[in-house]
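Comments concern the structure below.
Values in this text are rule-based calculations from the coordinates and carry no lab data. These numbers were taken from a predicted model, which means no experiment stands behind them. Backbone-built Cβ (ideal geometry, glycine too); neighbour counts: all protein chains shown.
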């Protein structure tokens with residue numbers, strides 16, 4: 001178990017809602033560190049950040065979609081007797097000029113108050129969530145690839161030592177660079193150059209030598225599901241799956257050879273991610289290229305698990 005976590009509570013049933021640029025992720029689980037038992041989980045690609053890069057704001061129709069989703073998730077959590085419901089937002093809320101108005105609307109219509117995580121908070125609790133219940137010995141690098149940003153975290157023996165965030169995620173990169181379907185070589189090359197340029201300063205202080213690399217987020221878990229040929233997503237099979245750089249490159253080549261409509265037929269690829277999976281995969285590939293690592297371990301655990309652990313600590317000290 002990562003160091004620094006309180007064990008004041010033996011067990012708590014916590015509902016965690018992760019509101020990102022692309023998806024709203026839901027997890028209801030009985031947490032008893034270092035283990036947990038998942039009771040209910042869900043993912044919906046409402047794409048809250050659609051058009052954010054152009055307008056600087058969360059659109060009204062996306063706010064309505066979020067309200068509808070949170071109402072449904074609150075009902076689910078309460079029906080399963082959650083001890084606590086916590087919702088948090090990441091890059092999309094940090095970047096949106098109208099975030100306060102959106103948070104106010106959501107609170108008024110659903111009773112759920114969204115907490116906006118800072119880059120450091122997102123990094124810290126992603127790191128702890130990814131390593132939750134794992135052997136955390138040695139040097140570890142974690143990458144949480146989201147829709148709007150990517151967080152890199154480095155630590156030793158479960159203790160976070162450095163972190164960096166880059167404003168590059170599967171949605172934002174797609175909207176900025178990949179205008180054609182499928183992307184043409186010039187677009188792809190320009191995007192890869194941008195990612196590489198962001199990675200050099202971001203990873204310079206992370207210390208990669210001898211490290212193990214873990215990746216979380218929808219891009220990472222989707223790539224694992226694609227490699228496994230899953231018709232139905234199985235978190236047990238995905239968590240801990242090792243994806244080689246060679247297989248990642250093969251999937252990128254395949255995805256770039258077809259339009260998004262054809263990608264929707266690939267087993268393991270959610271239809272709502274068909275247009276953004278190339279950009280997300282490019283971030284992961286660029287990190288492997290930057291670090292000279294040959295493989296990455298995929299984690300189904302991540303920020304939601306870390307936030308649940310934070311809530312347990314707060315509940316135990318209340």
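For residue 72 and residue 162, what is the calculated FRET efficiency with R₀ set at 45 Å and r taken between the beta-carbons, to the nearest 0.05?
About 0.70, to the nearest 0.05.
Given the C-alpha centroids of the stretch 39-91 and the stretch 301-315, what is the distance between them in whole angstrom?
Here the two parts' Cα centres lie 18 Å apart.
How much mean residue ellipticity at 222 nm does the chain get from its helices, if each DSSP H run of length 4 or more adds -39500 (n - 2.57) and you divide by all residues, to the nearest 500 deg cm²/dmol?
On the way: 13 runs with 142 residues, N = 318.
After summing the helix terms and dividing by residue count, I get -13500 deg cm²/dmol.
Which whole-number percent gives the relative contact order of the chain, counting Cα pairs below 8 Å spaced six or more residues apart?
21
Could you work out how much longer the chain between residue 237 and residue 295 gets when fully extended? Use 0.36 nm per residue separation minus the Cα distance between them, nm to one decimal. Working shown, then result.
Numbers: separation 58, 0.36 × 58 = 20.88 nm, distance 1.70 nm.
Difference between extended and current length: 19.2 nm.
Based on the mean of other beta carbon atoms within 10 Å per residue, what is the order of 143-149, 193-199, 204-210, most packed first?
My ranking of the peptides, most packed first, is 143-149, 193-199, 204-210.
Using just the C-alpha positions of the stretch 12-119 as equal point scatterers, what log10 of I(q)/I(0) does the Debye formula give at each q in 0.14, 0.19, 0.22 1/Å?
Treating every Cα as an identical point scatterer, log10 I(q)/I(0) equals -0.53, -0.91, -1.16.
At a Förster distance of 45 Å, what's the computed FRET efficiency of residue 104 paired with residue 246, Cβ-Cβ distance as r, to 0.05?
Using R0 = 45 Å, I get an efficiency of 0.40.
What does the extension gain come out to for residue 208 and residue 113, with contour length at 0.36 nm per residue minus their alpha carbon separation?
30.4 nm is the gain from fully extending residue 208 to residue 113.
Using only Cα atoms, what is the ratio of the radius of gyration of the stretch 77-182 to 2.2 N^0.38 Å? Mind showing how you got there, number by number?
Details: Rg = 16.8 Å, N = 106, 2.2 N^0.38 = 12.9 Å.
The value comes to 1.29.
So how long is each side of the chain along the principal axes, counting just the alpha-carbon atoms, biggest first, in Å?
If we take the Cα atoms of the chain, the spans are 54, 46, 37 Å.
Where does the stretch 133-298 land on the Kirkwood hydrodynamic radius, alpha-carbon pairs, in angstrom? Intermediate values should be presented prior to the final figure.
On the way: mean 1/r = 0.0627 Å⁻¹.
So the Kirkwood estimate lands at 16.0 Å.
If R0 is 35 Å, what FRET efficiency do you get for residue 314 and residue 186 from their C-beta distance, rounded to 0.05?
Working: r = 50 Å, r/R0 = 1.42.
The calculated FRET efficiency here is 0.10.
Percent relative contact order of the stretch 24-131, based on C-alpha pairs within less than 8 angstrom and at least six residues apart?
21
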